[in-house]
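Read through the structure below, which is laid out as structure tokens, and then see the notes.
The values are calculated or read from the model by the stated rules, or taken from the named source; none is laboratory data. This is a predicted model, so every value here is computed, not measured. We place every Cβ from the backbone using ideal geometry, glycine too, and count neighbours over all the protein chains shown.
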Amino acid sequence: MNKILEPFKRISWKYLINYIAVAVVGLLFTVLTFSSGLPQSTLFLLEKITMNIILVVSLSLVVGFLGELSLGHAGFMCVGAYIGGKVACILSESIDGDGIVSFLIALLVGAAVAGAFGFIIGLPALRLKGDYLAIVTLAFGEIVKTVFANSSEDTFGGSMGLRTPRFDKQYLFIIGFVLVLITLAVIQNLIRSKHGRAITAIRDNEIAARATGINVTKYKLIAFVISAIFAGVAGVFYSFANSTVKASVFDYNYSIDILIMVVIGGMGNISGAIISATAITYINTELQTLLTGGAAVYKDIIYALILIVIIIYNNASALKSFRERFNLKALLKKTKLFNKTRQGYADDEGKWDRVPTKIDMDELLSVDVNVVESIKNPDKEEM
Amino acid sequence: MAEYVLETKNLGISFGGLKAVQDVNLKIAKNEIYGLIGPNGAGKTTVFNMLTGVYQPTTGTFYLDGENLTGLSQEKINHKGIARTFQNIRLFNNMTVIRNVMVGLHNLPEFKCGVIPTILRLPKQYRTERAMVARAEEILDIFGLKELKNTLACNLPYGKQRKLEIARALSTSPKLLLLDEPAAGMNPQETAELMDTIRFVRDNFDMTILLIEHDMSLVQGICDNVTVLNFGTTLAQGKTDEALADPEVVKAYLGDDD
């Protein structure tokens, strides 16, 4: 009996739980929609949530695991949405308009082009550090948006937006869940591998990573391109979920929204990213439907208040004992089910939650080992 | 095979008009423990930074086993066989002890595994990972860190952090190990222990070691030869006891008689 169970003991639940949760929720809604049908608003919400999970998980690779700040995620999504939408338009004239085949082709092309953009932007931009990279990616997002908004009407639809062939609305969210699972598989497997270790080593100490022989540029590019590819995937999904793709959707506010979800979910915490993407998208959509007319102006205030409360709750030292007693991990421990400490090699025991991004880590931003140190503690230099 | 593991020829660097280091000529034979010493600001760490590619030397060249490595990037130099530790410890703090060492194993040819196989979780990925864990545990065992392998690096006590940094540097299978003030902040007993570790590393890993140190008991205890730097120039060079007895060196450390 023990021999049969042996391989299961090594499974790292930390990552597996994400697949299970997404698959179970996806199946649940699939069954619901086939048996009784779901209202339009729920379908719309599910599409939005799955799209945002893809975005948040992919951005989390760059922000949480690589430790670089990217504010251009919506830009890559924009590329994916327009290219994917356009491909679907072209395909709808030749083969079946709303079939799965054209969706898959559009998906591959959109993701590839977004990835290519990630490579082109990443190659020069990743030589920059911290806030400079944030500014460059921010500019990239705005440029992409503007270029598509000013395209001629018969290429990308111009300011009116690109009209895309609609996919069968009823079942699109199922594809969304499948895409989330694929995103999770790629990013989690990458993180858990030796390459993921190299990426997190760069975040922890870039100078030491270089000295240990890690090809920093290569790994930054890998993380950046994979992140861009999945932003493209989310973009293609968006173009299929909406009948028109408008450039104004992909402004920097959207990039920052995604970043907020990453931060609230916890840096480098995939489960957290999924939960925060779900919760924040839900809150946002609910507020939008609840507050109509004149009350709509309060939406942003309430949204901001919720974010502030979450952040204070997570960080206030006065609430520390409360947090420790009532957090999910402690409650699970009480059930004695998850009480074992495993010696497995597969999952990373890193304390991701208090890892700052490089923007706070000035000492990492300079290759100038000595100069920075002597500035920081002048009397300790070469003691 | 070259006569020396590391040979530098007129190595020097200037920042703007300031000549930080000039004409450093080191010749380090295999299995030697070589000391690089000098008063504060003498340019010792700058020499290390040139040898590891952090700075590009403005004059001179250096050779590892007869191969010219001048001008290569940091990671290339590491792949060629120079590994280092830092003056103030630079570990991957948010990673466990074993993972720190596994990052060092990353580029070894026997643990090669592309990005695609890892994403697809092919059997190769599991094989590589298992082999890496086994090797990392071996290395940790040698340094007495195996019990602590799942501790976060930042939670280790100071002396163990130093050891881990040396272990990580060694895991890249270098030909030459550069230790930047390994005994800084250690008490005499820890220093003695460190001397044993360094000797042990030399004997068991067949290693050549270049170290910067201020602790003269350590330098006299383990260094075969030393180079004394002052204001970026070589003051004395040779057998440890002779070089330390050189009147110029005594003057640089203790000041003139009058």
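Summary table
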| item | result |
| --- | --- |
| Single residue of the stretch B:52-63 satisfying the filter (in contact with a Lys or Arg (Cβ under 8 Å, 6 or more places away or on another chain) and within 13 Å of B:Lys9 (Cβ to Cβ)) that is nearest to the other protein chains (Cβ to nearest Cβ) | B:Phe62 |
| Any helices (runs of 4 or more DSSP H) falling wholly within the stretch B:74-126 and containing at least 3 residues that are in contact with a Leu (Cβ under 9 Å, 6 or more places away or on another chain) and facing chain A (nearest Cβ under 7 Å) | B:115-119 |
| Selection within the stretch B:22-40 - in contact with a Phe, Trp or Tyr (Cβ under 9 Å, 6 or more places away or on another chain) and free of Cβ contacts under 8 Å to residues at least 40 places away in the same chain | B:Lys27 |
| The stretch B:52-85: number of residues that are surrounded by 20 or more Cβ atoms within 10 Å (Cβ to Cβ), without any contact (Cβ under 8 Å) to a residue 40 or more places away in the chain and β-branched (Val, Ile, Thr) | 2 |
| Enumeration of residues in the stretch A:79-106 that are of a type in the set (Phe, Trp, Tyr) and modelled with pLDDT of 90 or more | A:Tyr82 |
| Among (1) part of a helix (DSSP H, G or I); (2) over 15 Å from A:Gly196 (Cβ atoms) - the single one B:Asn150 does not satisfy | (1) |
| Lone qualifier among A:Ile214, A:Ile270 - being modelled with pLDDT of 90 or more, of a type in the set (A, V, I, L, M, F, W, C) and under 30 Å from B:Leu176 (Cα atoms) | A:Ile214 |
| Test result for B:Leu211, under 29 Å from B:Val249 (Cβ atoms), assigned by TED's automatic domain parsing to the domain that holds B:Ile77, touching a strand residue (DSSP E or B) at 6+ places or on another chain (Cβ under 8 Å) and in contact (Cβ under 8 Å) with a residue 12 or more places away in the chain | yes |
| Single residue of A:Ile191, A:Ile187, A:Ile182, A:Ile202 found to be within 14 Å of another protein chain (Cβ to nearest Cβ) and farther than 18 Å from A:Phe230 by Cα | A:Ile202 |
| Number of positions in the stretch B:4-51 that are within 12 Å of another protein chain (Cβ to nearest Cβ), outside any strand (DSSP E or B) and either among the charged types (D, E, K, R) or surrounded by fewer than 20 Cβ atoms within 10 Å (Cβ to Cβ) (or both) | 4 |
| Counted residues, the stretch A:126-166 - those being under 19 Å from A:Ala114 (Cα atoms) and of a type in the set (Asp, Glu) | 1 |
| Matching residues in the stretch B:136-160 - criterion: being crowded, with 18+ Cβ neighbours inside 10 Å and within 12 Å of chain A (Cβ to nearest Cβ) | B:Ala136, B:Lys149, B:Leu152, B:Ala153 |
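Rundown of residues vs (1) part of a strand (DSSP E or B); (2) within 13 Å of the chain's Cα centre (by Cα); (3) at pLDDT below 90, yes/no style:
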site: B:Leu179; (1), (2), (3): yes, yes, no
site: B:Glu190; (1), (2), (3): no, no, yes
site: B:Asn204; (1), (2), (3): no, no, yes
site: B:Thr227; (1), (2), (3): yes, no, no
